[in-house]
Amino acid sequence: MQDSRSYVEKHQKRFLNELIDLLKIPSISADSAYKKDVINTADEVAKSLKDAGCDTVEICETDGYPIIYAHKIIDKDLPTILVYGHYDVQPPDPIDLWTSPPFEPVIKSTELHPEGAIFARGACDDKGQMYMHVKAMEFMTQTNQLPCNVKFMIEGEEEVGSVNLATFVKNNQEKLKNDVILISDTGMIAKDVPSITTGLRGLSYVEVEVIGPNRDLHSGLYGGAVANPINVLTKMIASLHDENNHITIPGFYNNVEELSLEERAEMAKAPFSLENYKKALDIEAVYGENGYSTNERNSIRPTLDVNGIWGGYTGEGAKTVIASKAYAKISMRLVPNQDWETITDLFKTHFESIAPKGVKVKVTPHHGGQGYVTPIDSLGYQAASKAYETTFGKKPIPQRSGGSIPIVSLFEEELKSKTILMGFGLDSDAIHSPDEHFGVWNYLKGIETIPYFYKYFTELKK
Ligand code: BES
Ligand code: MN
Ligand code: MN
């Protein structure tokens, strides 16, 4: 095979500039003010797939944002790889905390990325990682070495729950038929510690509302005599964890898979420095469920976190008031075998049951999805492992991630194929945060590595 490294070296300037152009479009799926931009991004992605050598490129309309489907079928008897990614991004807020504007990409060097990193919303999650696949495709078609069939499915609603993609997948089983699904939308342990993500957590996301008196009240005239919705809400939330930081919702842990001591020992072998972890976050101590390590807490254990909480007076100065309502947004990260809809019901029943008299409680489920684990003896994993070994000179480590890509479990259910998660981001790349960035080295390394996955998967499948 002609070396992907030399091709990447030769074209790296253009590869960077093309990604920078894509990052300039604010494809924020959560905010309808950006509708035109999201749709324009879909058009740009479609064009880039055509330019990369796909024979068929379709912009598939949905009830929400379009899904780009593209393919190149070279021989029906060869295996087919389905690449998934997303072109939508998270809102950039809080915008003041960005050191450069989120949609004006710039390359700056950082401690971990001395050769430079592209700073922009979506640089790593997921435009940058998705675009690595487009450029890897370009390399394979331009040098006549695409070894198998390839299909692309790039959506614009991942950050808002992939509701329309789920319908699309259910209705297009034949079109999406494949031997393996390949995604770059996760991370790796470190630049010199390549890893393959073998697990994702599930998610249940709910919004709660505590409703007290029918109007805001003077906190002197009424304080102490009626339930204050904010006091009640915070007390209810605090009660959701016990003194060991276990979650108190009855039945919450029912189906949680307990890893064997061997499996946990295996996990603990992955290089990790608690000191560096704390230093990077400026914290004196980590915090979490008793009996588990930091890496276990953020991957194989379920969690419950408040993501936002509001109510009452938050303006300048002081206002003496008992607000009539209080709100919070709560996410629960789940592990494989916990069913997200069951957990959502358990949460709702429990949260309603602990409300004191004097308030009403409303629980509104948002989106959710199942967790995912994939074995390391599959052909896909083996092919990915060999690909990393080729370009990193090291065998990658399997790693369970704490993040969620809910559609992955649906892929397995509906399309009956395994997903391989070849992520090239770092945890420090600040996805979803101000100053999101993606290392130039990581981006180019991804483009270099992906074609080897195609090669080895095709060879192993024979
Ligand atoms: N790419 C992320 C998920 C991710 C990041 C997994 C890093 C593993 C490592 C994805 O875009 C994402 O943000 N997912 C959401 C859930 C979704 C339903 C909004 C998440 O994990 O919060
Ligand atoms: Mn993503
Ligand atoms: Mn994301």
Checking V180 against (1) farther than 18 Å from I447 by Cα; (2) among the β-branched types (V, I, T); (3) open to solvent by 10 Å² or more (accessible area, probe 1.4 Å); (4) more than 16 Å from ligand 3 (Cβ to nearest atom), only one condition comes out false. Which one? (3)
Looking at this structure, is A52 open to solvent by less than 30 Å² (accessible area, probe 1.4 Å), more than 24 Å from H437 (Cβ to Cβ) and small (G, A, S)? yes
Checklist (1) among the hydrophobic types (A, V, I, L, M, F, W, C); (2) touching a helix residue (DSSP H, G or I) at 6+ places or on another chain (Cβ under 7 Å); (3) open to solvent by 20 Å² or more (accessible area, probe 1.4 Å); (4) farther than 25 Å from P434 by Cβ applied to C148, failing item: (3)
Just checking: which of the strands (runs of 3 or more DSSP E) contained wholly in the range 349-462 hold 1 or more residues that are over 15 Å from the mean Cα position of the chain (by Cα) and touching a residue at least 40 places away in the same chain (Cβ under 8 Å)? 360-369, 397-400, 437-439
Could you list, in sequence order, the residues of the range 251-271 that are free of Cβ contacts under 8 Å to residues at least 60 places away in the same chain and in a helix (DSSP H, G or I)? L261, E262, E263, R264, A265, E266, A268
From the list S428, S433, S417, S401, which residue is open to solvent by 10 Å² or more (accessible area, probe 1.4 Å) and either out of contact with any helix residue (DSSP H, G or I) (no Cβ under 9 Å at 6 or more places or on another chain) or under 23 Å from N164 (Cα atoms) (or both)? S401
Selected residue (criterion: nearest to L22 (Cα to Cα)) from residues of the range 78-109 that are open to solvent by less than 40 Å² (accessible area, probe 1.4 Å), in contact with a strand residue (DSSP E or B) (Cβ under 6 Å, 6 or more places away or on another chain) and more than 16 Å from ligand 2 (Cβ to nearest atom): P105
So, of the residues in the range 1-49 that are more than 30 Å from F392 (Cβ to Cβ) and hydroxyl-bearing (S, T, Y), which turns out to be surrounded by the fewest Cβ atoms within 10 Å (Cβ to Cβ)? S32
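Residues are listed down the side, and each one gets a yes or a no for (1) within 16 Å of ligand 1 (Cβ to nearest atom); (2) closer than 14 Å to T41 by Cβ; (3) within 20 Å of the chain's Cα centre (by Cα); (4) not aromatic (F, W, Y):
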site	(1), (2), (3), (4)
E111	no, no, no, yes
E115	no, no, no, yes
I118	no, no, yes, yes
M130	yes, yes, yes, yes
Q142	no, no, no, yes
C148	no, no, no, yes
E155	yes, yes, yes, yes
E159	yes, yes, yes, yes
V163	yes, no, yes, yes
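Just the residues that are assigned to a strand (DSSP E or B), of a type in the set (D, E) and more than 16 Å from ligand 1 (Cβ to nearest atom), please, taken from the range 204-248.
Once the filter is applied, which keeps residues that are assigned to a strand (DSSP E or B), of a type in the set (D, E) and more than 16 Å from ligand 1 (Cβ to nearest atom), the range 204-248 yields only E209.
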Say whether the condition of being closer than 25 Å to D3 by Cα and crowded, with 21+ Cβ neighbours inside 10 Å is met by at least one residue in the range 152-169. yes
Those residues of the range 326-336 which are within 19 Å of the chain's Cα centre (by Cα), open to solvent by 10 Å² or more (accessible area, probe 1.4 Å) and over 16 Å from S401 (Cβ atoms) amount to K329
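The values are calculated or read from the model by the stated rules, or taken from the named source; none is laboratory data. Given the structure is predicted, the values throughout are model-derived calculations rather than measurements. A quick note on method: Cβ atoms are made from the backbone with ideal geometry, for glycine too, and the neighbour counts reach across all protein chains shown. Ligands, DNA and RNA are stripped out before the accessible areas are found, and what is left, the full protein with its side chains, is counted by its heavy atoms. Shrake-Rupley method; radii C 1.70, N 1.55, O 1.52, S 1.80 Å.
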